[in-house]
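> Quick one: the structure is below, questions incoming.
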Amino acid sequence: MEINLQAYTVDLDPEKILANNVIFEGEYNPHNVRLWLISNEYGPVAATWADCGQDAIDEATDAGLMGAFLLENEDVDEATMEAGEYSFIGNAGEPADLTNCGIEAIDLSKQSIKLLLAFAEARGACVETLNDI
């Protein structure tokens, strides 16, 4: 599916686009939940709905989409812990190197009707990703 950003469009596989908390413009949204795009130096990694960037990273981690950032246990030692060289993400508090992690809130008004309809269908069907519709 295509997601339109300020100056360009990115293409992301539907199984990497979560439909976890879809809220459209004009709907009651006291926590300012919006769509977030997470990427690394190679391109987009995941898109998820959350009220802030940290929650978006946690949601993507819990869905198994942040493997590019996760560290192996042998990469985590006391020296790197003390230096604060990585973060703990997801509900399980998994160690990750977020040095090359980019995150951006997506403006729904700039998205295609095809993407918006896919989100509406996914919300109505109570599915986890756009791939499930």
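The values are calculated or read from the model by the stated rules, or taken from the named source; none is laboratory data. Treat the numbers as computed from the prediction; the structure is a model and nothing was measured. Cβ placement follows ideal geometry from the backbone for every residue including glycine, while neighbour counts extend to all protein chains displayed.
> Considering only residues that are over 22 Å from VAL127 (Cα atoms) and polar (S, T, N, Q), look in region 28-54 and name the one that is surrounded by the most Cβ atoms within 10 Å (Cβ to Cβ).
Per the stated criteria, the residue is SER39.
> Under the condition of being out of contact with any helix residue (DSSP H, G or I) (no Cβ under 9 Å at 6 or more places or on another chain) and without any contact (Cβ under 8 Å) to a residue 12 or more places away in the chain, which residue from region 115-133 is surrounded by the fewest Cβ atoms within 10 Å (Cβ to Cβ)?
CYS126
> If you don't mind, another one. Go through ALA56, ALA68, ALA120, ALA46 for me and flag whichever is within 14 Å of the chain's Cα centre (by Cα), outside any strand (DSSP E or B), modelled with pLDDT of 95 or more and of a type in the set (Gly, Ala, Ser).
Among ALA56, ALA68, ALA120, ALA46, only ALA56 is within 14 Å of the chain's Cα centre (by Cα), outside any strand (DSSP E or B), modelled with pLDDT of 95 or more and of a type in the set (Gly, Ala, Ser).
> Do you know which residues across region 6-27 are surrounded by 14 or more Cβ atoms within 10 Å (Cβ to Cβ) and either more than 12 Å from the chain's Cα centre (by Cα) or not hydrophobic (A, V, I, L, M, F, W, C) (or both)?
VAL10, PRO14, GLU15, LYS16, ASN20, ASN21, VAL22, ILE23
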